[in-house]
Structure formats: structure tokens, C-alpha cells
Amino acid sequence: MPLARRLLQFVPAFALILAVPAIAGEPVKFTPIKFEALKAQLAANPNKAKFTIIDAWASNCAPCKENFPHLVEMHTKYGPKGLAVISLSLDDIEDKVALKSAEDFLKEKKATFANYYIDEEYGAGFERLDISAIPAVFLFGPDGKEIRRFTMDDPDNQFTYEQVEKAVEALLAGKPLPAK
């Protein structure tokens, strides 16, 4: 039997093997990280992202979970254009039920981007991010420097994920950030 014909016999098997990851999708990972390691990762920019968005949330935060699908949508829509997406859980590392709930939530939402939880004492994430409430969203440049933050700290100036998306769109298009 000619070599070409023998190779063709294996094509369906190879096609099946290659199709499995596409059908199954990427696995959702939920990884502990120290805040300094997160900052170092942002500065190193290993994926050569144009911009990185970090969404700070927790499993017991209803507004965080309600708005999380927007983050997943931005990953799908802007990831190919250079946006890296990171979810950062501020759940208490001593609360295994909360961490399991957070991981289950991420899997349910198919959050296939980087998902971390602060591997430090409870409250350290709030302190290091200089926030008092969540959800909170941060945009970083390719050098790891913060460009803009969207927080709930000012009760008279609450952000929406639509505002976050407009900022992302502007940055990826090379335009100035919209006014807050």
C-alpha cells in the first residue's frame, strides 16, 4: 500500500484526537498567588498582552457574581485582540468552603482565563489593592503599571462593567481613555 494511502487511514483518528480539546474546552484553574508574585507577573507580561484586566471579587459577593459574565465576555471578545483577563478572588484562604464555592463558580461560568486567589491572610488583598469594597476592576498596561481602576469605594460614583468595556475598547483601539 502506498505511503500516502496508509497515512490517510490514520487521518480520522488524528482528527478525533485533535478535536477532543476543542470539544472539552480549556480547563478552569483556580490557583493561589502571593500579591507580590501577581505584581511581578504583571510586570513581566509573559503573554505579551497589550493590556491586562484584573477583576477582584469573592464568592460571597452577589454583585461580583452577577457581573462576572461580563468578564467572561470581555475575555472572549478582546482576548484575541491583546487583552489578558485575570480574576482575583479575595476569599479567606482559611475558609475552604468559600474557596470551593469560588472554584465551582468559575467552572460554572467557564472562566478559562487566569483565576487566582490571594494566598495571604484575609484582608490582605483589600489592603494591597487599596480598596474597601468589591467588585473592583483594574486595568494595567503591558509594563504592569495601573492605568485605571473601577471601584465601589465612592458611593456617589459607582462603576458599571459597560464603562470597563468602553475603556478596554478605547485602549485596544489606541484611543484615549473615556472620562470617568
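The values are calculated or read from the model by the stated rules, or taken from the named source; none is laboratory data. All values derive from a computational prediction rather than experimental measurement. So basically every Cβ, Gly included, is an ideal-geometry build from the backbone, and we count neighbours across all protein chains shown. We work out accessible area using only protein heavy atoms, side chains counted, and drop any ligands, DNA or RNA first. Shrake-Rupley method; radii C 1.70, N 1.55, O 1.52, S 1.80 Å.
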Pull out all pairs, ordered by first then second residue, where Cβ-Cβ is under 9 Å, the residues are six or more apart or on different chains, the first lies in segment 160-176 and is within 14 Å of VAL85 (Cβ to Cβ), and the second is among the hydroxyl-bearing types (Ser, Thr, Tyr) and outside any loop (DSSP other than H, G, I, E, B). GLU165/TYR78; VAL168/TYR78; LEU172/TYR78
Looking at (1) open to solvent by less than 30 Å² (accessible area, probe 1.4 Å); (2) under 18 Å from ALA43 (Cα atoms), which is the one condition that is false for PHE105? (2)
Tally of residues being over 20 Å from the mean Cα position of the chain (by Cα), closer than 25 Å to PRO46 by Cβ and surrounded by 11 or more Cβ atoms within 10 Å (Cβ to Cβ) across segment 143-176: 0
Report, ordered by the first and then the second residue, all pairs with beta carbons closer than 9 Å, sequence separation of six or more or different chains, a first member in segment 40-55 that is assigned to a loop (DSSP other than H, G, I, E, B), and a second member that is open to solvent by 60 Å² or more (accessible area, probe 1.4 Å). ASN45/PRO142; ASN45/ASP143; LYS48/PRO142; ALA49/PRO142; LYS50/LYS81; LYS50/PRO142
Among residues of segment 113-141 being of a type in the set (A, V, I, L, M), open to solvent by less than 30 Å² (accessible area, probe 1.4 Å) and assigned to a strand (DSSP E or B), the residue farthest from ALA170 (Cα to Cα) is ILE118
Considering residues that are out of contact with any Phe, Trp or Tyr (no Cβ under 9 Å at 6 or more places or on another chain) and in a helix (DSSP H, G or I), the number found within segment 99-112 is 4
Close pairs from segment 97-120: first within 22 Å of LYS34 (Cβ to Cβ) and of a type in the set (A, V, I, L, M, F, W, C), partner assigned to a loop (DSSP other than H, G, I, E, B) and open to solvent by 40 Å² or more (accessible area, probe 1.4 Å), Cβ under 7 Å, at least 6 apart: ALA98/ASN60; ALA98/ASP92
Conditions first: (1) under 20 Å from ILE147 (Cβ atoms); (2) modelled with pLDDT of 95 or more. PRO46 passes all but one, so which condition is the exception? (2)
Tally the residues that are open to solvent by 60 Å² or more (accessible area, probe 1.4 Å) and either assigned to a helix (DSSP H, G or I) or at pLDDT below 95 (or both), restricting the search to segment 56-80. 8
Before we move on, is VAL85 in contact with a His (Cβ under 6 Å, 6 or more places away or on another chain), on the phi < 0 side of the Ramachandran plot and touching a residue at least 12 places away in the same chain (Cβ under 8 Å)? yes
Quickly run through segment 64-118 and pick out the residues that are among the basic types (Lys, Arg) and within 25 Å of ALA167 (Cβ to Cβ). LYS65, LYS77, LYS81, LYS109, LYS110
